[in-house]
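See below for the structure under consideration.
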Amino acid sequence: MKTICVIDGQGGGIGSLIIRKLKESFGESVTVIALGTNAVATAQMLKAGANKGASGENAIARTVQHADFIIGTIAIVLAHAMMGEVTPKAAEAVAGSPAKKLLLPLSQENVEMVGGQGLPLPRLVEELVTKHLAALSNKE
């Protein structure tokens, strides 16, 4: 069974949307771990259907080392992003993890993704599941 870590902060809205779509598409054939930069984000992602969840820098740094996939916005690899919620240690752990990273081109930071299509969040999540995780439907 593949393990997917979904990382979000602040209110956990983006992570919750991603988790609902993952569970709708793959059910219990994957393990979804909600990793929040804070407890509110984690709680919201757990309500959305994550199998387990944890909050904070150390939880993120330790858990991403054992994931098959990491999903979040581009901010999860930017130190001090999300109004400082993404610590340098957490960003480094995500970037250095052997897991495949699927990053959505959304950011509140002073970073712009050149060449992006500018799709709305629901369409980005749909593309994430149908194009980048489609192979999971055929396994286990």
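Identify, please: which residue in the stretch 119-140 is surrounded by 13 or more Cβ atoms within 10 Å (Cβ to Cβ) and among the hydrophobic types (A, V, I, L, M, F, W, C) and is, among those, modelled with the lowest pLDDT? Filtering the stretch 119-140 for residues that are surrounded by 13 or more Cβ atoms within 10 Å (Cβ to Cβ) and among the hydrophobic types (A, V, I, L, M, F, W, C), the one modelled with the lowest pLDDT comes out as L119.
Evaluate the following for L119: is it more than 15 Å from the chain's Cα centre (by Cα) and within 14 Å of T3 (Cα to Cα)?
no
Take K101 and decide whether it is of a type in the set (D, E, K, R) and in a helix (DSSP H, G or I).
On the way: of a type in the set (D, E, K, R): yes; in a helix (DSSP H, G or I): no.
Considered against the rule, which asks whether it is of a type in the set (D, E, K, R) and in a helix (DSSP H, G or I), K101 comes out as no.
In the set A54, A79, A48, A39, only one residue is in contact (Cβ under 8 Å) with a residue 24 or more places away in the chain and among the small types (G, A, S); that residue is A48.
Has the stretch 95-110 got any residue that is at positive phi and surrounded by fewer than 20 Cβ atoms within 10 Å (Cβ to Cβ)? No, the conditions are met nowhere in the stretch 95-110.
Of all the listed residues (G72, G84), the sole one being small (G, A, S), at pLDDT below 95 and either surrounded by fewer than 18 Cβ atoms within 10 Å (Cβ to Cβ) or not in a loop (DSSP other than H, G, I, E, B) (or both) is G84. Looking across the stretch 95-118, the residues that are modelled with pLDDT of 90 or more and either among the aliphatic types (A, V, I, L, M) or closer than 12 Å to L22 by Cα (or both) come down to A95, A99, L102, L103, L104. For the stretch 47-69, filtered to residues that are within 16 Å of A95 (Cβ to Cβ) and small (G, A, S), the residue that is surrounded by the fewest Cβ atoms within 10 Å (Cβ to Cβ) is A61.
A quick yes/no check of all residues on (1) in a helix (DSSP H, G or I); (2) hydrophobic (A, V, I, L, M, F, W, C); (3) free of Cβ contacts under 8 Å to residues at least 24 places away in the same chain:
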position	(1), (2), (3)
A95	yes, yes, yes
N110	no, no, yes
Q117	no, no, yes
P122	yes, no, no
L128	yes, yes, no
A135	yes, yes, yes
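For G11, are the conditions met, namely being under 25 Å from A134 (Cα atoms) and either of a type in the set (G, A, S) or in contact (Cβ under 8 Å) with a residue 60 or more places away in the chain (or both)? Considered against the rule, which asks whether it is under 25 Å from A134 (Cα atoms) and either of a type in the set (G, A, S) or in contact (Cβ under 8 Å) with a residue 60 or more places away in the chain (or both), G11 comes out as no.
The values are calculated or read from the model by the stated rules, or taken from the named source; none is laboratory data. This is a predicted model, so every value here is computed, not measured. Cβ: placed from backbone, ideal geometry, glycine included. Neighbour counts: every protein chain shown.
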